[in-house]
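To start, the structure itself, in structure tokens.
The values are calculated or read from the model by the stated rules, or taken from the named source; none is laboratory data. Predicted, not measured: the structure shown is a model, and the values here were computed from it. Note: ideal-geometry Cβ built from the backbone for every residue, glycine included; neighbour counts use all protein chains shown. When the accessible area is computed, the model is the full protein with side chains, heavy atoms only, and any ligands, DNA or RNA have been set aside. Shrake-Rupley method; radii C 1.70, N 1.55, O 1.52, S 1.80 Å.
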Amino acid sequence: MPTTSVAAIPSALELLEARTWRAFDVDAEGRVLGGHDDSGSVQLVELHPDGTPTPLTALPGACLGRYLPGERVAVVQHDEGGDENGQLSLLRLDSPLEKPAGLDDLTPLVRQAGIVHRLLDVQPGRVVYATNRRNRVDFDVVVRNVASGEDTVVYDGGGMAGETVVSADGRQAAVAMTSAQPMSNYLVLAASGRHTELTEPDRRARHEHLAWTPDGAALVVTTDRDRDTTGVARLDLATREWAWLVTDDEHDVAGWPSPDGRLLLVETMVDGESRPALHDAETGQRLREVELPGAGTPMAGIVSFPMPDPVWSPDSRLVALSFSAPTVPADVLLVHAASGAVRPLTDGTAQLEGRRLVTPSSHRVPTPDGEQVPCFVYDPREPAPGEEPAGSDGTAGGSGVPGDGGTEDALAGSSVLLVHGGPEGQSARGFNPMVQAMAAQGHTVVVPNVRGSSGYGKRWYSLDDVRLRLDSVADLAALREWLPTISCDPTRAALYGGSYGGYMVLAGLTMQPQLWAAGVDIVGISSLVTFLENTSPYRRAAREREYGWLEHDRDFLEQASPLTHIDQVRAPLFVIHGANDPRVPLSEAEQLAAAVRGRGLECELLVYPDEGHGLAKRPNRLDAYPQALAFLARHLGW
């Protein structure tokens, strides 16, 4: 089998150096509080209306932030080594910074070691956050008065409090609570130390992107209650009646109303592509298109640091967007609401000038039980825009199907199946440096949305719940069976995935051992039982609703665990993990590596002491990912 060192593929390494931007907030002057990872991890940067950046922070790890309305102050959420125990601090911006602020330069707002503080909302003079400090398990919602330092607990009813918005008068909070149903939550209204349920806790439904109407009489919610796809609806708080504003029976729709209640930014997701438009917030009528720079999405699909939602300026004139496309590292866009015009504040493509990048094609892969798995295919043999198709040299011509003029080499192509995390996540049309690097290395990269993925309706994301888990694993076999139709040799196929995607890698290698040549597992689950036993206590119940309950489903959890079938594994394995991972503990990787090595098989394990659930720091990525690329090159015979 041919071998190669990743050092022989400089274009692949250069792709891993790509810098990305994101938008966290925008003020009435058009300044965007953004994030940029030029220093190695995502740090706060202020982008001025002309796009000029001013670096704001130089913290040890990734951070995010929001402007405090009406003040030149940023609220900063940061943690230590990726442990996800968020701490909140203030950074004053009313005078120029001499240098980017380090941790000692920030003013503590809410800090307590070992405790989670998650920034939820900001209002004039107030910061809303969730914390598990009461018992380390349940999350309370707290409003902090910035001037006095006084905390007011607005919800302490137990459970996993998620997205929260506080009314303009500060008297009420709408809180999205994790329910016992998979991929579902319910709404509570908290006021005066009490809370009431706005929606049914046992209903199978999502409630996201919450916003108050200006009069405080209703909430605008993105939801799939009584629908297969999500739509945007208004919930009247007095009558508890729902009124749909924008729906699409074929595609998921999400909405973000302007602060003045006049406009609604609506995103329709079409096979991983975002198609935004501005609507009338009262009637739902479509007013004007928002033309993005290309077929992409605000969802970058980065496990360790997902892209933020669109955000309106306080005066409702502007919307700041984070945008990514397969050939565009994440950029910041500014949308002018009056016209729908889009102005890029950054240009992530300039750094990749001269690099050959691959644009994916969309496919539906049939399964034995009659389903169709959506997937994107990044084929390095396809000509890039403006290129002539290859053919005479046999490197890319033909489909490899007998009789179509293809060459023998066409069927010899290697492939990597990249499975997203979640499991309720979605692979969308965003820039992924490893996808492009693997394509630059010569592999066809297949990126599926196996059953259980979001973005294709409630029925599809429900098809892997609890005891249906292995149906999702079976999709991997269907994808492997399909590989010859895209001119790939099924005997040279590897699995690659992070988090739940890592579980899928391990499940494929142990439950379908004859199908896969290699696997790369990043912060993956090796045993559903030990994962649930050892994950952070505040996450356990939320994860049990998806995978199964230790008390009731242990037999199935053991059956569905890769570690149970480890004696079947044949393929070499490459494992990456963060020592501080609060979601999937390091012990999942350690017990896996010990078991695989105990069978005399190759298992490389890289552990990074300053990382959590994924690799948030560029130096670590530049250490781990080239080694993963070299591993794939070695075992797929690039």
**Asked** Using unit Cβ charges (K, R positive; D, E negative) and no other charged atoms, how large, in debye to the nearest 20, is the dipole of the stretch 129-252 about its Cα centre?
**Response** 520 debye
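Looking at the square roots a ≥ b ≥ c of the eigenvalues of the Cα gyration tensor of the stretch 473-530, which shape do they give, rounded for a/c under 1.5, prolate if a/b is larger than b/c, or oblate?
Numbers: a/c = 2.37, a/b = 2.07, b/c = 1.14.
Here the stretch 473-530 falls in the prolate category.
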**Request:** Would you mind computing, in nm to one decimal, how far apart the modelled labels at VAL607 and GLN627 are, each placed 7 Å from Cα along Cα→Cβ?
**Result:** 1.3 nm
**Prompt:** How would you classify the stretch 134-241 from its alpha-carbon gyration tensor, with a ≥ b ≥ c the square roots of the eigenvalues: rounded for a/c under 1.5, else prolate if a/b is greater than b/c, otherwise oblate?
**Reply:** oblate
**Request:** Report the FRET efficiency, 1/(1 + (r/R0)^6), for ALA217 and GLN112, where r is their Cβ-Cβ distance and R0 is 45 Å, rounded to 0.05.
**Result:** 0.75
**Request:** Let me know the shape class of the stretch 483-638, please: from the alpha-carbon gyration tensor, a ≥ b ≥ c as square roots of the eigenvalues, rounded when a/c is under 1.5, otherwise prolate if a/b is greater than b/c, or oblate.
**Result:** oblate
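Given R₀ = 56 Å, what would the calculated FRET efficiency be for SER192 paired with ARG355, taking r from the Cβ atoms and rounding to 0.05?
On the way: r = 58 Å, r/R0 = 1.04.
Computed FRET efficiency for SER192 and ARG355: 0.45.
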**Request:** Before rounding to the nearest 500, sum -39500 (n - 2.57) across all DSSP H runs of length at least 4 in the chain and divide by the residue total; then give [θ] at 222 nm in deg cm²/dmol.
**Result:** -5000 deg cm²/dmol
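Assigning unit charges at the beta carbon (Lys, Arg +1; Asp, Glu -1) and nothing else, what dipole magnitude in debye, to the nearest 20, does the stretch 327-373 show about its Cα centre? List each step's numbers first, then the result.
Numbers: 4 positive and 5 negative charges, 33 e Å.
That gives a dipole near 160 debye.
When the chain is fully extended, how far beyond the present Cα-Cα distance does GLU150 get from LEU470, taking 0.36 nm per residue of separation?
Details: separation 320, 0.36 × 320 = 115.20 nm, distance 4.95 nm.
Taking 0.36 nm per residue and subtracting the Cα distance, the gain is 110.3 nm.
Quick one: if the Förster radius is 56 Å, what FRET efficiency do ALA28 and ARG203 give, using the C-beta to C-beta distance and rounding to 0.05?
On the way: r = 39 Å, r/R0 = 0.69.
Once the sixth-power term is evaluated, E becomes 0.90.
Sort 441-454, 136-149, 36-49 for me by packing, meaning the mean count of neighbouring Cβ atoms within 10 Å per residue, highest on top.
Working: 441-454: 24.7, 136-149: 17.2, 36-49: 20.6.
Answer by packing, highest mean first, reads 441-454, 36-49, 136-149.
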**Candidate values [x] 24.1, 78; [y] 42.3, 136; [z] 30.5, 98, label of the one derived for Rg and Dmax of the Cα atoms in Å** = [x]
**Item:** Qualifying GluC sites (Glu not before Pro) for the stretch 78-117 [loop in DSSP, other Cβ within 10 Å: at most 12]
**Value:** GLU98
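Take every Cα pair under 8 Å in the stretch 427-531 that's 6+ residues apart, average their separations, divide by the length, and report that relative contact order as a whole percent. List each step's numbers first, then the result.
Values: 119 pairs, mean separation 18.1, N = 105.
Worked out over the stretch 427-531, it gives 17 percent.
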**Net charge dipole size for the chain [Lys, Arg +1 and Asp, Glu -1 on Cβ; Debye, nearest 20]** = 620 debye
**Label point at ASP271 placed 7 Å out along Cα→Cβ; residues across the stretch 419-440 whose backbone nitrogen lies under 13 Å** = 429
**Asked** So what is the accessible area of the chain per residue, in Å², with the probe set to 1.4 Å?
**Response** 38 Å²
**Message:** Could you tell me the relative contact order of the chain? Use alpha-carbon pairs under 8 Å, at least six residues apart, and round to a whole percent.
**Reply:** 12 percent
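Tell me, in nm to one decimal, what length is gained between ARG136 and GLU289 on full extension, where the rule is 0.36 nm per residue of separation less the Cα-Cα distance? Walk me through the intermediate numbers first.
Details: separation 153, 0.36 × 153 = 55.08 nm, distance 4.54 nm.
My answer for the length gained is 50.5 nm.
Given a 1.4 angstrom probe, I'd like the percentage of the accessible area of the chain that is carbon and sulfur, rounded to a whole number. The partial results should precede the final answer.
Numbers: 11920 of 24010 Å².
Carbon with sulfur: 50 percent of the solvent-accessible area.
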**Cα centroid separation, the stretch 18-81 to the stretch 126-148 (Å)** = 23 Å
**Request:** Run the numbers on the stretch 496-638 and let me know its relative contact order in percent, using alpha-carbon pairs under 8 Å that are six or more apart.
**Result:** 26 percent
**Between 0 and 90°, nearest 10: helix 618-636 axis offset from the chain longest Cα axis** = 30 degrees
**Message:** Quick check on packing: order 420-428, 279-287, 507-515 by the mean number of other C-beta atoms within 10 Å, highest mean leading.
**Reply:** 420-428, 507-515, 279-287
**Prompt:** In degrees between 0 and 90, to the nearest 10, how far off the longest principal axis of the chain does helix 537-547 point, with axes built from Cα atoms?
**Reply:** 60 degrees
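For SER362 and ASP260 in one chain, what is 0.36 nm times their gap in residues minus the Cα-Cα distance, to one decimal in nm? Spell out each step's value before the answer.
Working: separation 102, 0.36 × 102 = 36.72 nm, distance 3.90 nm.
Here the segment from SER362 to ASP260 would lengthen by 32.8 nm.
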**Prompt:** Could the peptides 522-529, 173-180, 456-463, 186-193 be put in order, highest first, of the mean number of other beta-carbon atoms found within 10 Å of their residues?
**Reply:** 522-529, 173-180, 456-463, 186-193
**Request:** For helix 586-598, report the angle its Cα long axis makes with the longest principal axis of the Cα atoms of the chain; keep it between 0 and 90° and round to the nearest 10°.
**Result:** 10 degrees
